[in-house]
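Working notes for the structure below.
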Amino acid sequence: MASYAVITDDEGRILLALWNESPDGGRWTLPGGGVDLEETAEQGAVREVREETGYDVRLDRLLTVDSYVIPASRRHIETDRPMKAVRVLFAATITGGELTAEIGGSTDEARWFTPAEAARLPHVSLVDLALDLL
């Protein structure tokens, strides 16, 4: 399970993070990621946003729960088993912090984009889901 935040600013831009572990090379995604075993989905989203963007956030509401199957051939580990991924998306508001790049993690930078710019970037399907929700 992974939790993500859809964060927009007063100009209507969306905050994305550049995921450096994509099998297809760097791809933009929503700030967020895997929920640790001892965390709730909400706690995981808040922690991941802080790690990947430097921002503290308040989760405003649940937007959607999305699931999909990753074929064995596209998994990051060598296996013959597919994996079901469950992604929880929250609308969130920045309450503090400062935009910074994650050091030594799964993302290289975070940046603001207009929805039109975000749609043209190399990105994961999660970004399309978020743009549809906006």
Kindly establish whether Gly34 is in contact with a helix residue (DSSP H, G or I) (Cβ under 9 Å, 6 or more places away or on another chain), of a type in the set (Gly, Ala, Ser) and surrounded by fewer than 14 Cβ atoms within 10 Å (Cβ to Cβ). yes
Condition (residue is in a strand (DSSP E or B), over 21 Å from Leu121 (Cβ atoms), within 13 Å of the chain's Cα centre (by Cα) and of a type in the set (Val, Ile, Thr)) applied to segment 37-50: is it met by at least one residue? no
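Any idea how many residues of segment 5-26 are more than 11 Å from the chain's Cα centre (by Cα) and either part of a strand (DSSP E or B) or farther than 15 Å from Phe113 by Cα (or both)? Can you show your working first?
At the first step, the residues of segment 5-26 found to be more than 11 Å from the chain's Cα centre (by Cα) are 8-14, 20-26.
Those still in the list that are either part of a strand (DSSP E or B) or farther than 15 Å from Phe113 by Cα (or both) too: 8, 14, 20-26.
Matching residues across segment 5-26 total 9.
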Pairs where the first residue, in segment 55-79, is basic (Lys, Arg) and surrounded by fewer than 12 Cβ atoms within 10 Å (Cβ to Cβ) and the second is at pLDDT below 95 and not in a strand (DSSP E or B), C-beta under 8 Å, 6+ apart: Arg74/Pro23
Of all the strands (runs of 3 or more DSSP E) wholly in segment 55-134, which have at least 2 residues that are more than 16 Å from Leu16 (Cβ to Cβ), within 16 Å of the chain's Cα centre (by Cα) and at pLDDT 95 or above? 55-70, 83-97
Checking the condition surrounded by 15 or more Cβ atoms within 10 Å (Cβ to Cβ), out of contact with any strand residue (DSSP E or B) (no Cβ under 6 Å at 6 or more places or on another chain), within 27 Å of Glu11 (Cβ to Cβ) and in contact (Cβ under 8 Å) with a residue 40 or more places away in the chain, which residue from Glu109, Glu102 passes? Glu102
Suppose we filter segment 29-45 for residues that are under 25 Å from Glu117 (Cα atoms) and aliphatic (A, V, I, L, M); how many remain? 2
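The values are calculated or read from the model by the stated rules, or taken from the named source; none is laboratory data. As the structure is a prediction and not an experimental result, all values here were calculated from the model. All Cβ positions, even for glycine, are placed from backbone atoms using ideal geometry, and neighbour counts span all protein chains on display.
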